[in-house]
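Report on one structure; see the data block that follows.
The values are calculated or read from the model by the stated rules, or taken from the named source; none is laboratory data. Predicted model only: the values in this text are computed from it and were never measured. Counting neighbours? That spans all protein chains shown, and the Cβs are built from the backbone with ideal geometry, glycine included.
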Amino acid sequence: MRLVAKTKAMKTKTLLTAIILIFSTILSAQIIWVPTDHPTIQDGIFAAADGDTVVVEEGTYIENISFWGKAITVASRFILDRDTEHISNTIIDGSEPEDPNYGSVVTFESGEDTSSVIMGFTITGGSGTVDISVINITVGAGILCYNSGATIINNYIENNNIETFYYAEGAGISTGPPDLNFYVIIKNNKVSNNNITSNAASNGGGIGIRSNGLVSGNEIFDNTVESLSEYAVGGGIFCGGFEQDVNVEIHNNNIYENSVFSLSTVDVGSSAGGLMIYKNNGSVSHNKITANYIEGGGIQRGAGVVISSVDASLVFENNLVAYNQCGVEEDDECWGGLQVHFGSPVLLNNVIYHNEVSFGGGIFIYSFLEDPVQIINNTITENYAEMSAGGIYIHEADVLIMNTIFWDNSSPGVQEISDWDSDLEVVYSNIDGGWEGEGNIDENPDFEDDTLFHITDGSACQNSATESFELNGSVYYCPSFDYEDDPRPSDGGYDIGADEIFFVGLNELRVTGCELRVFPVPCTSIVHLRISNIEQGYVNLEIFTIEGVRIKRLLKEVKMPGGYEIEVDLSDLPTGVYFVRLQAGDDIETAKIIVTN
């Protein structure tokens, strides 16, 4: 739904309301000022009680701080006026720790939860903490959450470096080990120029997260992971479980120009220049993963993204994966701008273009699982493979490709799709050069731009997709929204590719009709649905799985004009993404629900 711009008066009123709310919240507890009340941030934390706020004036504070299990907020003056200059000018420099084995700048290690908040700082100079639970491991140079939760919001986490002979993880932020009792929120931060240099395996130049949590709205760039002898993974983000899976929602992040280097010559060297997903049951959506780079000996996997050891609960949707590259020597191989490795995720509404690797320029799939990798309504174009399969390389895997564009990918070998000893089904897709299968076409998609590859009105892809397809007794569905969250279908039928042509007339109709709002997002059990602007008449309210299967009917009755709010208990639903659909007369609204543990 498109909103009109606010007037100056409306903006002023909104700002005043926000300031009043902030001060009313703060004044209900104690404010501790640093350095006025206490000379250091750590002294302010010692003096604080649960619910208090430690407000830090601008300046450089050379110290390494710990929250000591307190449910407090530690913030710069950014909390008062949202001026980002305070973030740049309020610096916690952890470069001079009392004990070099405890070189994390900020530490949560005493059972904290998301009520412990760090906000509005530049966090720099950290070197990481050694030997937390495993001998010879260094983690969390900038921020460390160990067996704890935290809220990390609106910070600049930069120039933190781990140098070690042993294993290392999370130069900018490190959380873990996996534990269902702890949840971490990492939101609206800039995570940049953090680096790992290790003689052993290493993960997560920007962020290494092994806790349940939310990673949202962050800018993650120019981070590096380098191993001098073993594998190196996740230049921007490494997200993974260990003995148990985690549930991490990764949304709306800009992950770019991160790098991974490995000198390993045995099996796997470098992987996932931008993002590594391993044993994660959460969803990954609306991220931009661009211009990341991997280099090193052995086999390199996923210049931009690697998704490994997951099932269909991992939905990778509405992401942009572009301009990711590998640097390979003569005997090395690099697999995929995006690689699926031993997993069966669902890939929906992604735009994957202009990645350059050895095999599988857009996607490389290597999986022996019986459940199929679902590739539905994606646009995969202008990728390049130095050896074979500019579009996708499928190696010993079950794969369903549905409603997807493979166009103008290039390679000296196979141009678009290479299938090696796999069970592959391609239906209702537009394949450059053609491909046998129900509903497939070979027609120029007529992109109107070369960034998001919208199709033009009249494209051969328009109304040429299918709503659903049955394969081996299971039914697979077209997603209810496209890459930009426009509804599918928008006119007579479903469109092939990540983009659904969306007509202005329909958008205007929706703005003047009923409205549906969902909060909170994500939710753990209880969600509130707010309905407004409905006219008297029949109202139908239902919840669907992401595959389009109806699982709950909440309303089916005649309602009087006005608005309603409904509280719904979703504790019986497994973690995942769902859609709630409201039909009020001729108006239809749909919204997304994210259920977490």
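Quick notes
- Top-ranked residue of the stretch 310-338 - restricted to ones that are of a type in the set (S, T, N, Q) and in contact (Cβ under 8 Å) with a residue 60 or more places away in the chain, ranked as nearest to GLY391 (Cα to Cα): ASN318
- Subset tally (residues that are within 18 Å of SER227 (Cβ to Cβ), free of Cβ contacts under 8 Å to residues at least 40 places away in the same chain and polar (S, T, N, Q)) for the stretch 271-299: 0
- Checking the stretch 265-276 against the condition returns a match, with at least one residue being in a strand (DSSP E or B), among the β-branched types (Val, Ile, Thr), modelled with pLDDT under 95 and farther than 20 Å from ALA150 by Cα.
- Qualifying residue in the stretch 573-581 (condition: exposed (fewer than 13 other Cβ atoms within 10 Å of the Cβ), modelled with pLDDT under 85 and β-branched (Val, Ile, Thr)): no
- Selection count, the stretch 280-304, where residues are charged (D, E, K, R), surrounded by fewer than 24 Cβ atoms within 10 Å (Cβ to Cβ) and modelled with pLDDT under 95: 1
- Number of positions in the stretch 232-250 that are crowded, with 24+ Cβ neighbours inside 10 Å and over 19 Å from the mean Cα position of the chain (by Cα): 1
- When ASN507 is tested against (1) at pLDDT below 75; (2) part of a strand (DSSP E or B); (3) within 28 Å of the chain's Cα centre (by Cα), only condition (2) is not met.
- Just one of the listed residues (ALA29, ALA71, ALA141, ALA49) is in a loop (DSSP other than H, G, I, E, B), exposed (fewer than 15 other Cβ atoms within 10 Å of the Cβ) and hydrophobic (A, V, I, L, M, F, W, C), and it is ALA49.
- Residues being at pLDDT below 75 and part of a strand (DSSP E or B) - total across the stretch 520-554: 6
- The one condition in (1) surrounded by fewer than 19 Cβ atoms within 10 Å (Cβ to Cβ); (2) at pLDDT below 95; (3) over 26 Å from the mean Cα position of the chain (by Cα) that GLN415 fails to fulfil: (1)
- Screening the stretch 481-498 for residues that are under 12 Å from GLN462 (Cβ atoms) and at pLDDT 90 or above and picking the one that is surrounded by the fewest Cβ atoms within 10 Å (Cβ to Cβ) gives GLY493.
- Residue match in the stretch 280-297 (condition: among the basic types (Lys, Arg), under 20 Å from the mean Cα position of the chain (by Cα) and in a loop (DSSP other than H, G, I, E, B)): no
- Sub-8 Å Cβ pairs linking a first residue in the stretch 173-200 that is under 23 Å from GLY217 (Cβ atoms) and modelled with pLDDT under 95 to a second residue that is aromatic (Phe, Trp, Tyr) and in a loop (DSSP other than H, G, I, E, B), at least 6 apart or interchain, are GLY176/PHE242, ordered by first then second residue.
- Residue count, the stretch 230-252 (criterion: touching a residue at least 40 places away in the same chain (Cβ under 8 Å) and either in a strand (DSSP E or B) or more than 13 Å from ILE196 (Cα to Cα) (or both)): 13
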